[in-house]
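The structure under discussion appears below in the form of structure tokens.
The values are calculated or read from the model by the stated rules, or taken from the named source; none is laboratory data. Note that the structure is a prediction, hence the values are computed from the model and not measured. Heads up, the Cβs are rebuilt from the backbone with ideal geometry, glycines too, and the neighbour counts pull from every protein chain shown. SASA here: full protein model, heavy atoms, side chains in, ligands and nucleic acids out. Shrake-Rupley method; radii C 1.70, N 1.55, O 1.52, S 1.80 Å.
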Amino acid sequence: MNTPPSYEQKRINKRNLPDLLVHKFLTEYGYDHGPVIARAIVDDILVTLEACYPDRVPPKTIIWLAVRREKRGQRKGLTSGDLLPVRLAVTTEAEVKLLTDPALGNDHRRRARPAFNQARFVRWCHEAYQQGGVLTHLDLSLLSGLSTGYISRILRQYEAETGEIVPTRGTVHDTGPAVTHKAEVIRRWLRHQSSAQIARALNHSQEAVDRYIADYQKVRTLARKFPALELPTLTGLTPSVVGQYLALLRDYEPNLTLCKEDRADCQPAA
């Protein structure tokens, strides 16, 4: 059975930051929506502060503001509401071992440092994703001091070697220039995986996967009537994306008749 707090306990309990902030809301900030809502606002502020500035951060750990994985809306730009704090370990023992691996360090191409950086970038992206956020190439550049071009190159290399899509903001929110992840989505869909399965496997949003599939079907339909050179204009897709989709069409539906430039029954675009 819980006993009610004593007078002294009540006095002590009042000496706390949440009550002080609620009091300021109601008496100094001109807030007029009542103590209940003021308390909810204060609690949310304190949770946010704790996430961004925790009292105890483990050694070799960084608190970073990542873009929310489930960012609201379709706009490309960001607002402060699209960000959330994530914890990233600076290095792991496995990554440090790469720097001292004789097989890599003695290689004339000096593969140890690129292998170390690649492992860190991939892990950072997955750590942020698991906490509800996604990192951009610019985030990785600021964290490491390396150029976005270098980061983009070694992440593409990793994806090509492993077949795994790294969950950066570009791949999850479909904002990056790379198109390899689009082709992989369609390849899996043509192998009869559901869009939900693909989204989970490739760390994509369901919305992005559905959009890739719709774009592919658009290319498939128009490619039977119009020359390939006209498809980027008709579909609103880049020539490189159209080219990848056409290559997939030829691989998976070799008997499908596509329009050729010299065919009389092809329809010129209006």
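Mind counting the residues in the range 231-241 that are in contact with a helix residue (DSSP H, G or I) (Cβ under 8 Å, 6 or more places away or on another chain) and at pLDDT 90 or above?
Here the count works out to 4.
For the range 43-57, enumerate the residues that are assigned to a helix (DSSP H, G or I) and either modelled with pLDDT under 85 or polar (S, T, N, Q) (or both).
Residues satisfying the conditions are I45, L46, V47, T48, L49, E50, A51, C52.
Could you run through the range 119-142 and say how many residues are touching a residue at least 24 places away in the same chain (Cβ under 8 Å) and open to solvent by 30 Å² or more (accessible area, probe 1.4 Å)?
Adding up the residues that qualify gives 8.
Against the conditions (1) assigned to a loop (DSSP other than H, G, I, E, B); (2) of a type in the set (D, E); (3) at pLDDT 85 or above, where does E261 fall short? Just the number, please.
(3)
With T171, T162, T238 as the choices, which residue is β-branched (V, I, T), closer than 29 Å to A66 by Cβ and touching a Pro at 6+ places or on another chain (Cβ under 8 Å)?
Among T171, T162, T238, only T238 is β-branched (V, I, T), closer than 29 Å to A66 by Cβ and touching a Pro at 6+ places or on another chain (Cβ under 8 Å).
Per-residue answers, yes or no, for (1) surrounded by 14 or more Cβ atoms within 10 Å (Cβ to Cβ); (2) at positive phi; (3) of a type outside the set (A, V, I, L, M):
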| position | (1), (2), (3) |
| --- | --- |
| Q157 | no, no, yes |
| K182 | yes, no, yes |
| R188 | yes, no, yes |
| A199 | yes, no, no |
| L222 | yes, no, no |
| K225 | yes, no, yes |
| P232 | yes, no, yes |
| V242 | yes, no, no |
| L249 | yes, no, no |
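Among the residues of the range 14-66 satisfying the criterion of being of a type in the set (F, W, Y) and within 24 Å of the chain's Cα centre (by Cα), which is most open to solvent (accessible area, probe 1.4 Å)?
Per the stated criteria, the residue is Y53.
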